[in-house]
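Okay, so here's the structure we're looking at.
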Amino acid sequence: SENTDIFLKLNDLNISPNPTQNYWKISSSVNLESIELFDVVGRKIFSVTPSSKNFKINGSSLSNGVYFLILNKKNRRRLIKN
């Protein structure tokens, strides 16, 4: 059976600041088993398996624009770098 615990409701997840110039801090009510970041054309920029409820993404070297974060293979969030 599928583990529904890793599906995050909107209020279980906080990503800030967004938009950002330097980094995003992710805090979650459940463990973040996988974090993947993609650019707007779908290229994977990086992926990590933090196995923790908090993670910090350094976006200072990224180009300005929109990115997509996929958390635990299920939850998609839009990030803005400016």
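No lab work stands behind these numbers, since they all come straight from the coordinates. Keep in mind that this is a model prediction, so the values were computed, not measured. Every residue, glycine as well, gets a Cβ built from its backbone with ideal geometry; the counts of neighbours run over all protein chains shown.
Below are the figures for this structure:
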| read-out | value |
| --- | --- |
| Hz values of 3J(HN,Hα) by residue in region 59-75 - Karplus curve (6.51, -1.76, 1.60), Gly and Pro given as x | x, 5, 8, 7, 5, 5, x, 9, 10, 10, 9, 10, 10, 6, 6, 10, 9 |
| Residues of region 47-82 with amide N under 13 Å of a point placed 7 Å along Cα→Cβ from Asn14 | 54-55 |
| Rg in Å to one decimal, and Dmax rounded to a whole Å, for region 36-82 via C-alpha atoms | 10.5, 28 |
| Against the rule of thumb 2.2 N^0.38 Å, how large the Cα Rg of the chain comes out | 1.04 |
| Cβ charges +1 (Lys, Arg) and -1 (Asp, Glu), total dipole of the chain, debye | 220 debye |
| Point-to-point label distance, Val41-Ser60, nm (Cα→Cβ direction, 7 Å offset) | 2.7 nm |
